[in-house]
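Q: Sharing a structure with you now.
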Amino acid sequence: MAPQKTNASQPVRLYVKGTVLGYKRGFTNTYHHTALLSLDGVNDKDGSKFYLGKKVAYIYKAQKAVAGSKFRVVWGKVMRPHGTNGVVRAKFTTNLPSTSIGSSVRVMLYPSNV
């Protein structure tokens, strides 16, 4: 009989890290309702297609605790690719503040299309 293997491995991470690059924009106009995200390990348009429809969480820390936590979340969704270098467009329930540019987001691996 083989020895029993203990389940002492690391927990599984159900998200991919990303970075807020800014807002969708043209030469003169800026569209704050759509954020541009760069995802870790995604470098082309085909790689970004897997993440279409996935939920995105922008987590930030506030001064006042609400329900026992100082962390707040703005939820969004990946809408479509932006260009050919793996950047995606995402829309959030409330527009991201300008202080979020350069900060990290979590792209959840659900809902699954597989």
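The values are calculated or read from the model by the stated rules, or taken from the named source; none is laboratory data. Because the structure is predicted, anything quoted here is derived from the model rather than measured. We place every Cβ from the backbone using ideal geometry, glycine too, and count neighbours over all the protein chains shown. Only protein heavy atoms, including side chains, enter the accessible area calculation; ligands, DNA and RNA are left aside. Shrake-Rupley method; radii C 1.70, N 1.55, O 1.52, S 1.80 Å.
Q: Select from the stretch 63-114 the residues that are within 22 Å of D44 (Cα to Cα), of a type in the set (S, T, N, Q) and at pLDDT 95 or above and write down the one among them that is least open to solvent (accessible area, probe 1.4 Å).
A: Narrowing the stretch 63-114 to residues within 22 Å of D44 (Cα to Cα): 76-91, 101-114.
Subsequent filtering for residues that are of a type in the set (S, T, N, Q) retains 84-85, 103-104, 112-113.
Of the ones still in play, those that are also at pLDDT 95 or above are 84-85, 103-104.
Details: T84: 108, N85: 92, S103: 33, S104: 77 Å².
Selected residue: S103.
Q: Of the conditions (1) within 26 Å of S112 (Cβ to Cβ); (2) open to solvent by less than 100 Å² (accessible area, probe 1.4 Å), Y60 satisfies every one except a single condition; which number is it?
A: So Y60 meets the others, but not (1).
Q: I've got another one for you. Say we look at the stretch 18-57 and pick out the residues that are of a type in the set (A, V, I, L, M) and outside any strand (DSSP E or B); which of these is surrounded by the most Cβ atoms within 10 Å (Cβ to Cβ)?
A: Among them, the one singled out is V42.
Q: Something else about it: I need the full set of residues from the stretch 24-47 which are of a type in the set (A, V, I, L, M, F, W, C) and under 13 Å from T84 (Cβ atoms), in order please. Break it down stepwise before answering.
A: The initial filter retains those residues of the stretch 24-47 that are of a type in the set (A, V, I, L, M, F, W, C), namely 27, 35-37, 39, 42.
Matches in the stretch 24-47: V42 only.
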